[in-house]
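Data first, discussion second: the structure below is written as structure tokens.
The values are calculated or read from the model by the stated rules, or taken from the named source; none is laboratory data. All values reported here derive from a predicted model rather than from experimental measurement. For neighbour counting, all protein chains shown are included, and Cβ atoms are generated from backbone atoms with ideal geometry for every residue, glycine included. Ligands, DNA and RNA are stripped out before the accessible areas are found, and what is left, the full protein with its side chains, is counted by its heavy atoms. Shrake-Rupley method; radii C 1.70, N 1.55, O 1.52, S 1.80 Å.
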Amino acid sequence: MNSSDAEVRLLKKLWTSQPVTCPKCGSAQLEHLHKKAKKSDCDWKCPACGEIYRTIRMLKELQSE
């Protein structure tokens, strides 16, 4: 991600269930990482490039900046 503002926008979209295109590859919409288990709706994965977005970790990193 390029900036803190971009990360905040991404987090808001994910947590409000809006469709989000992968910021890394731009080719696919992010999906829940634990789709079948329904363990958590805080982790997301791009089905195209495999990039994983752990939103709780991202939030903690933003807070420490």
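Give me the extension gain from Glu65 to Ala6: residue separation times 0.36 nm, minus the current Cα-Cα distance, reported in nm with one decimal.
Gain on extension, Glu65 to Ala6, equals 19.8 nm.
When the Karplus curve 6.51 cos²θ - 1.76 cosθ + 1.60 is applied with θ = phi - 60°, which whole-Hz ³J(HN,Hα) does each residue of the stretch 20-26 get, with x for Gly and Pro?
10, 7, 4, x, 7, 9, x
When the Cα atoms of the chain are enclosed in a convex hull and the volume is divided per residue, what value in Å³ results?
Convex hull of Cα atoms, per residue: 79 Å³.
Nearest 10 degrees, 0 to 90: what angle lies between the long axis of helix 55-64 and the longest principal axis of the chain (Cα atoms)?
Once rounded, the angle reads 10 degrees.
Relative contact order for the chain: what percent, with Cα pairs under 8 Å and sequence separation of 6 or more?
Result for the chain is 22 percent.
Quick one: which residues, 5 or more positions from Ala28 or on another chain, have an amide H under 5 Å from its amide H? H modelled 1.01 Å from N in the peptide plane, none for Pro or chain starts.
Cys22
If the chain between His32 and Glu51 were fully stretched, how many nm would it gain, using 0.36 nm times the residue separation less the Cα-Cα distance?
Full extension from His32 to Glu51 adds 5.7 nm.
Taking the chain as a whole, which cysteines find no other cysteine Cβ under 4.7 angstrom from their Cβ?
Those would be Cys42, since no other cysteine Cβ in the chain comes under 4.7 Å of theirs.
Any idea what angle helix 4-15 forms with the longest principal axis of the chain, computed on alpha-carbon atoms, 0 to 90 degrees, nearest 10?
Tilt of helix 4-15: around 40 degrees.
Of His34, Thr16, Gly50, which is farthest on the positive side of the dipole of the chain, counting Cα position, with +1 on Lys and Arg Cβ, -1 on Asp and Glu Cβ, and the Cα centre as origin?
His34
Accessible area per residue of the chain at 1.4 Å probe, in Å²?
Accessible surface, normalised per residue, equals 72 Å².
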